[in-house]
């Protein structure tokens, strides 16, 4: 009986870890697609701001030291309220989508 309980517990733990990994991967894919749809036209696919629109608007690279040192809260606020010519996404994106976008952008700021 004890062996059955241990096997059941192990199977549950493995299933939980697998589900967590899959949901994290799905969130990353969703954030990448969202970034491509909403952000890349100005910020570029790699976050450098090296696009015609980005250059015209003076968009800084996410890896620029001044930009990279911004907190996640500041990036979330800028995404929700807009900043400069950047539109506000509050009410257009969910809090979870914005959080996933900030995580994705943080990766771009580190050159990942």
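The values are calculated or read from the model by the stated rules, or taken from the named source; none is laboratory data. Just so it is clear, the model here is predicted, and its values are computed rather than measured. Counting neighbours? That spans all protein chains shown, and the Cβs are built from the backbone with ideal geometry, glycine included.
Some points to look at:
- One residue stands out among those in region 69-98 that are surrounded by 15 or more Cβ atoms within 10 Å (Cβ to Cβ) and touching a residue at least 24 places away in the same chain (Cβ under 8 Å): the one that is nearest to residue 33 (Cα to Cα), which is 97.
- Failed item, numbered, when residue 70 is tested on (1) over 18 Å from residue 110 (Cβ atoms); (2) at pLDDT below 95: (1)
- Among residues of region 30-56, those that are within 16 Å of residue 93 (Cβ to Cβ) and surrounded by fewer than 13 Cβ atoms within 10 Å (Cβ to Cβ), counted: 3
- Count of residues meeting criterion [under 20 Å from residue 98 (Cβ atoms) and touching a residue at least 12 places away in the same chain (Cβ under 8 Å)] in region 55-68: 4
- Residues that are over 21 Å from residue 28 (Cα atoms) and out of contact with any strand residue (DSSP E or B) (no Cβ under 6 Å at 6 or more places or on another chain) number at least 2 in the following helices (runs of 4 or more DSSP H) confined to region 49-112: 52-57, 65-68.
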